[in-house]
Amino acid sequence: MEDNKIIKLVYTFFLGLLLAVFVGVGIDTFYPPPEEPKYQEDYSIQRARQEPTKEELKKQQEYDKKWEKHQEELKPYNRNVSIVTLLAAFILIAISIIYDKKLKFLSDGVMLGGLFTLFYSIGRGFASSSSSYVFIIVSAGLALVLYLGYRRFVKPQPPKKSKITK
């Protein structure tokens, strides 16, 4: 009997982890990030010399500009990914609440997946480099987690009706 509880616990954790990975891979598949600039120079050749040539310096400056542009393009991308993953987290947690009574261990795995996805969303929000957006996403996450905690652990359940009838 105890082995069955451990297997359910491992299954619940694994389901939650896979759901979060599923959301992340799905977003990366259908909304890929901006392409990184490629560096042309071979670092081993550059390290062999003491001073870079003027041409190498020019290439480095061009690459640095491309890299900065790429970093700026990533900020709205990370914000958008954060929004989508936040919505996915809300959906997963809503599903876990709906099916809480019917399929407890599946519901727990979906809830854990929603929480992992929420954590991923907040991380992507930080990568957007917008403190006001991060505040909004953390506030939404906090509200969601507080509601979930209340709903799952505190809210009094109505008494079960007795099957005895007159």
So, in region 91-113, how many residues would count as being part of a loop (DSSP other than H, G, I, E, B) and of a type outside the set (D, E, K, R)? 2
For residues in region 19-38 being surrounded by 13 or more Cβ atoms within 10 Å (Cβ to Cβ) and in contact with a helix residue (DSSP H, G or I) (Cβ under 7 Å, 6 or more places away or on another chain), which is farthest from Ser82 (Cα to Cα)? Pro37
Report whether or not Phe116 is in a helix (DSSP H, G or I) and touching a residue at least 24 places away in the same chain (Cβ under 8 Å). yes
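Yes/no per residue for (1) surrounded by fewer than 16 Cβ atoms within 10 Å (Cβ to Cβ); (2) within 20 Å of Leu17 (Cβ to Cβ); (3) in contact (Cβ under 8 Å) with a residue 60 or more places away in the chain; (4) in contact with a Leu (Cβ under 9 Å, 6 or more places away or on another chain):
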site: Glu72; (1), (2), (3), (4): yes, no, no, no
site: Tyr77; (1), (2), (3), (4): no, no, no, no
site: Ala94; (1), (2), (3), (4): yes, yes, no, no
site: Leu103; (1), (2), (3), (4): yes, yes, no, no
Tell me, please, whether a residue that is within 30 Å of Val10 (Cβ to Cβ), modelled with pLDDT of 90 or more, in a helix (DSSP H, G or I) and among the hydrophobic types (A, V, I, L, M, F, W, C) can be found in region 71-82. yes
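With respect to Phe153, is the statement that it is within 23 Å of Val21 (Cα to Cα) and more than 17 Å from the chain's Cα centre (by Cα) true?
On the way: within 23 Å of Val21 (Cα to Cα): no; more than 17 Å from the chain's Cα centre (by Cα): yes.
Answer is no for this residue.
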Can you name the number of the only condition in (1) free of Cβ contacts under 8 Å to residues at least 40 places away in the same chain; (2) in a loop (DSSP other than H, G, I, E, B); (3) closer than 19 Å to Thr117 by Cα; (4) of a type outside the set (Asp, Glu) that Tyr39 fails? (3)
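The values are calculated or read from the model by the stated rules, or taken from the named source; none is laboratory data. The shown structure was predicted, so the numbers you read here are calculated from the model rather than taken from an experiment. FYI the Cβ positions are ideal-geometry reconstructions off the backbone, even for glycines, and counts take in every protein chain you see.
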